[in-house]
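Novice: Here's a structure for you.
The values are calculated or read from the model by the stated rules, or taken from the named source; none is laboratory data. Every value quoted in this text rests on a predicted model; they were computed, and no experiment measured them. Here the Cβ positions follow ideal geometry from the backbone for every residue, glycine too, while neighbour counts run over all protein chains shown. Remember, those area values only see protein heavy atoms, side chains included, never the ligands or the DNA or RNA. Shrake-Rupley method; radii C 1.70, N 1.55, O 1.52, S 1.80 Å.
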Amino acid sequence: DAGITQSPRHKVTETGTPVTLRCHQTENHRYMYWYRQDPGHGLRLIHYSYGVKDTDKGEVSDGYSVSRSKTEDFLLTLESATSSQTSVYFCAISGVLAGVDNEQFFGPGTRLTVL
Amino acid sequence: TQLLEQSPQFLSIQEGENLTVYCNSSSVFSSLQWYRQEPGEGPVLLVTVVTGGEVKKLKRLTFQFGDARKDSSLHITAAQPGDTGLYLCAGAEYGDKFYFGSGTKLNVKP
């Protein structure tokens, strides 16, 4: 299994509070991704990183920010959580961005509930 | 709007039956992937297809990439309870990252 962990695994928080989710990898992969998964929507990309301090937006980036200060860590922050951000969040890593050699390895997920 | 549409959304069948899951788009993809996800876990890659018309087999699973590289199908022969899970397709447009479909939830009853 790829060495990728997420913390926390479960979190319940209140509307308006800041929340930070952490993704940690031991594979030294260049690309890291944050997705959210909701029923009927599959996986939707929030943000991704293509190197230390290099990040870009995905399709559902509003309300989220990210940071990558080290190769191994990718943080997702909800500055002021809303109930619409209740979801399961997955981190993924890959050696390349796309193409035949792109295999994304996923973490175990973080279940976030915003009350 | 979802870039990739999967059908059906849900499928419940008996062990031993055959099934096909479809992944369709109006976009042309440079490559397309299929993932399987079990409850409480992250998705795991099954296959990547890159050539129009390509067919790949993985034991009882057959994957096909459409000639125009806009669609793909996954066929499972003689389904088993261990095939139960969420099947996701993901397509990459040229030079871009992968985008996922909405998924097909398969339940194979013993």
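Novice: Other chains' Cβ within 10 Å of B:99-107 residues: what's the mean?
Specialist: The shielding value for this peptide is 4.
Novice: Out of all DSSP beta bridges in region B:5-109, what portion is antiparallel? Express it as a percent rounded to 5.
Specialist: Antiparallel: roughly 90 percent of the beta bridges in region B:5-109.
Novice: How much net charge surrounds B:GLN64 when only the other residues with a Cβ under 15 Å from the Cβ of B:GLN64 are counted, with Lys and Arg +1 and Asp and Glu -1?
Specialist: Net of charged neighbours comes to +2.
Novice: Right, something else. Once R0 is set to 30 Å, what does the formula 1/(1 + (r/R0)^6) return for the Cβ-Cβ distance between B:HIS75 and A:HIS41, expressed as a FRET efficiency to the nearest 0.05?
Specialist: That pair, B:HIS75 with A:HIS41, gives E of 0.75.
Novice: Given a 1.4 Å probe and heavy atoms of the protein chains only, how would you sort B:TYR99, A:TYR50, largest accessible area at the top?
Specialist: Highest to lowest solvent-accessible surface, that is A:TYR50, B:TYR99.
Novice: Could I ask something else about it? Restricting attention to region B:12-110, which trypsin sites (Lys or Arg not before Pro) occupy a DSSP loop and are surrounded by at most 10 other Cβ atoms within 10 Å?
Specialist: Filter output for region B:12-110: B:LYS59.
Novice: Give me the accessible area buried between chains A and B, both sides summed, with a 1.4 Å probe, in Å² rounded to the nearest 100.
Specialist: 1600
Novice: Another question, if that's okay. For the protein assembly as shown, max minus min Cα coordinate along each principal axis, in Å, sorted largest first?
Specialist: Dimensions of the protein assembly as shown along the principal axes of its Cα atoms: 48, 37, 33 Å.
Novice: Please compute, for peptide A:68-76, the average count of beta-carbon atoms on other protein chains lying within 10 Å of each residue's beta-carbon.
Specialist: 0
Novice: A follow-up question, please. Do any GluC sites (Glu not before Pro) in region B:8-89 lie in a DSSP loop with no more than 16 other beta carbon atoms within 10 Å, and if so, which?
Specialist: Those that pass, being in a loop and sparsely packed, are B:GLU15, B:GLU17, B:GLU41.
Novice: Over the Cα atoms of region B:5-109, what is the Rg over Rh ratio if Rh follows Kirkwood?
Specialist: Ratio value, two decimals: 0.96.
Novice: Which residues among region B:8-43 fall inside the zone where the amide N is under 16 Å from a point 7 Å beyond the Cα of B:ALA68, along Cα→Cβ?
Specialist: B:23-30
Novice: Any of A:LYS70/B:LYS56; A:LYS11/B:LYS70; A:LYS11/A:LYS70; A:LYS11/A:LYS57 with alpha carbons more than 29 Å apart? Name them for me.
Specialist: A:LYS70/B:LYS56; A:LYS11/B:LYS70
Novice: Now a separate question. Report the net charge of residues surrounding B:ASN24, where surrounding means a beta-carbon distance below 14 angstrom and charges are Lys +1, Arg +1, Asp -1, Glu -1.
Specialist: -1
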